[in-house]
Amino acid sequence: MAIVTVDFDGTLFLGSSFKAMLDAGKKEFKTREWTVVTGGLTKAAASGISKGKNAFRIQFFKTFARTFKGKSKKELDFFFSRLLDIGEENINKPLVEKIKEHQEKGDTVIVLSGALEPFLAAFLHRVELDVPVISTELMFYPNGICTGETGTVINGTEKVKRVEEFIFQNCLEAQEIWAYADSKSDIPLFQFAEHPVVVNPSKDMKKIAEENDWPIFSDTGNVASE
């Protein structure tokens, strides 16, 4: 048996959750929410210019979380369900089937992503996958109302740290680790795993995969050079 980690953005979900959230916002948001998003995107852009793409991503997530302040879990479930209605065509169905193959072998599958947890919960329900999730959490008051804040964004080396914690907390024996992911920020995870698999790579990421002899998951569900 193995531990199989699967990224979300650009991997299980071939589109961008950024774009999906903005598209859903166009249909659901009112003036207050758009004011928050507009101001936050300006800050995120500035952060991205000075600190890089990852800093932009983190700032964007924190901004979007603020639009959910005061909403109940039921309201958020509806919003993230709408995201999937909009982004249905971006579900990586061959990879979903590959994950189910891992489960049939008895492997422990973990969705490991910086995406917001309610989006992942809605996604996994839609594709009928029952797996643990390690992702960026939205914070809630004891009464179930969203605070508008997030926990730690699960990205880069944080992914490796969380996988190690998962193994320890669940008393799992040393097992082979697979990592399905798509971007440069996942390189620490690829280096940590015995079986790194690059999914839906950009031109630059494809070059990195070839240089490291990392197999590439194709849209037909096969793993090149597996």
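Observations on the model:
- Of the residues examined, I91 is not one that is modelled with pLDDT of 90 or more and more than 17 Å from M21 (Cα to Cα).
- Tabulated pairs, the range 140-160, first over 9 Å from G70 (Cα atoms) and without any contact (Cβ under 8 Å) to a residue 24 or more places away in the chain, second among the acidic types (D, E) and in a loop (DSSP other than H, G, I, E, B), C-beta under 8 angstrom, 6+ apart or interchain: G151/E137
- V199 meets all of the listed conditions (1) closer than 25 Å to K100 by Cβ; (2) free of Cβ contacts under 8 Å to residues at least 24 places away in the same chain; (3) of a type outside the set (S, T, N, Q) but one, namely (2).
- Selected residue (criterion: surrounded by the fewest Cβ atoms within 10 Å (Cβ to Cβ)) from residues of the range 124-139 that are in contact (Cβ under 8 Å) with a residue 24 or more places away in the chain and part of a loop (DSSP other than H, G, I, E, B): P132
The values are calculated or read from the model by the stated rules, or taken from the named source; none is laboratory data. On a predicted model such as this, the values are computed, not experimentally measured, just so you know. Cβ atoms come from the backbone with ideal geometry, glycine included; neighbour counts cover every protein chain shown.
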